[in-house]
Amino acid sequence: MTNTLWTDPTRLSVALADSVRAVDAVIDRLLAKPDGPEARVFDAMRYAALAPGKRLRPFLVLAGSHLFGVSQRSALQAAVAIELLHTYSLVHDDLPAMDDSDLRRGRPTCHKAFDEAAAILAGDGLLTLAFEVLADPDTHGDPAVRIELVAALARAAGPAGMVGGQMIDLLAEHDHSLDIGAITRLQRLKTGALIAFACEAGAILGKASVEHRRALIGYAHDLGLAFQIADDLLDAEGTAAETGKSVGQDAEAGKATFVSILGPDGARKQAQALVEQAIGQLDGFGEAADLLRQVARFVVERKS
Ligand code: GRG
């Protein structure tokens, strides 16, 4: 079975909506509530994971898988795994010990809607479920491919990736002297590593050539930085009503960001240049990569 998720691959909005529906249906099934008192942690996981986010990372998995003729079932499994893991990072990032945020995806954060202990457990549950999904035979018939996915996601999300980036970010609250190189490294770890996994997952599932994998990693690196610059711009210039999350926190904390160093116009230009560079990395894929080209533009034009 090839990836038939998109009826009209030229229209990004249709493809994005299709993938949100498909990913949410799997998450809904995976998080079916049990009868016992542990149902509370399922409630908190459902609250966080089924809240209206963009589902950008799963979309990248599906669009990347499309390049290599990966089956829809396999691609969806990897797409769901990364969304579960991403949601865990948001739930934990919002906790009082970290960003202490009240609003996420247009709703009260998980610890506000439940309590801190339930939010910590919901994050733990989402993180571990992500790996259970990748290890499931439904993800790929070849166990070596499943192990490669598990290892790649663990690297991207762990101390040499997202968790390490988050540590640097927390320390940066007390060290306002970060230069552009240090911020770029921080963001490559904190958000870039997971975006890179999302872009590479289809290539792993499709056993793609080294050249194709290299091109997708290049695309992901440029896209990840452009995404983060756009996020900094939204934090500096957006409203909570538009973005659905607390804004202005970087400036309030006196944190060095791409916007504080480059200025809003400089940051916008840099994000645009990165998007064009990301699109250039896709030259070898022809029309099949059109959705990846369009989503790169969407990443810097988005308002949430
Ligand atoms: C707690 C280990 C741990 C890590 C947290 C990802 C992260 C690290 C923190 C999130 C805080 C933040 C605002 C990061 C900037 C970029 C980012 C990941 C934004 C949120 O991702 P979106 O915009 O969110 O894709 P949706 O809600 O659409 O999924």
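For the reader, a short list of remarks on this structure follows.
- Identity of the residue in segment 204-239, in contact (Cβ under 8 Å) with a residue 24 or more places away in the chain and open to solvent by 50 Å² or more (accessible area, probe 1.4 Å), that ends up nearest to G141 (Cα to Cα): K207
- Helices (runs of 4 or more DSSP H) enclosed by segment 1-117 - at least 3 residues per element that are more than 21 Å from A157 (Cβ to Cβ): 12-30, 39-49
- Screening the candidates L31, L12 for the property of being modelled with pLDDT under 95 and either more than 13 Å from the ligand (Cβ to nearest atom) or farther than 27 Å from L171 by Cβ (or both) yields one hit, L12.
- From the options E132, E116, residue that is free of Cβ contacts under 8 Å to residues at least 24 places away in the same chain, away from the ligand (no atom under 16 Å from the Cβ) and over 20 Å from Q228 (Cα atoms): E132
- Matching residues in segment 49-70 - criterion: being open to solvent by 10 Å² or more (accessible area, probe 1.4 Å) and within 16 Å of the ligand (Cβ to nearest atom): L50, P52, G53, K54, R57
- Considering residues of segment 18-43 that are closer than 19 Å to K54 by Cα and of a type in the set (A, V, I, L, M, F, W, C) only, the residue most open to solvent (accessible area, probe 1.4 Å): A25
- For beta carbons closer than 8 Å, sequence separation of 6+ or different chains, a first residue in segment 265-276 that is closer than 14 Å to H221 by Cα and a second that is among the acidic types (D, E), the qualifying pairs are L274/D222; V275/D222.
- Criterion: more than 18 Å from H86 (Cβ to Cβ), surrounded by fewer than 24 Cβ atoms within 10 Å (Cβ to Cβ) and among the polar types (S, T, N, Q) - qualifying residue of T191, T128, T184: T184
- Scope segment 156-175; condition charged (D, E, K, R) and more than 14 Å from the ligand (Cβ to nearest atom); matching residues: D175
- For segment 190-246, the candidate set comprises residues that are near the ligand (Cβ under 10 Å from one of its atoms) and among the hydroxyl-bearing types (S, T, Y); within that set, the residue that is nearest to R73 (Cα to Cα) is T191.
- For segment 134-155, a tally of residues being assigned to a helix (DSSP H, G or I) and surrounded by fewer than 23 Cβ atoms within 10 Å (Cβ to Cβ) returns 12.
- Filter result for A256 (part of a helix (DSSP H, G or I) and farther than 17 Å from R104 by Cα): no
- Count of segment 71-104 residues, restricted to those that are more than 18 Å from D169 (Cα to Cα), open to solvent by 10 Å² or more (accessible area, probe 1.4 Å), of a type outside the set (D, E) and more than 8 Å from the ligand (Cβ to nearest atom), is 7.
- Among the residues here, E301 qualifies as open to solvent by 30 Å² or more (accessible area, probe 1.4 Å), out of contact with any Ser or Thr (no Cβ under 6 Å at 6 or more places or on another chain) and within 16 Å of the ligand (Cβ to nearest atom).
The values are calculated or read from the model by the stated rules, or taken from the named source; none is laboratory data. The shown structure was predicted, so the numbers you read here are calculated from the model rather than taken from an experiment. Because the Cβ atoms are built from the backbone with ideal geometry, glycine has one as well, and the counts that use them run over all protein chains shown. In case anyone asks, the SASA skips ligands and DNA or RNA and just uses the protein heavy atoms, side chains included. Shrake-Rupley method; radii C 1.70, N 1.55, O 1.52, S 1.80 Å.
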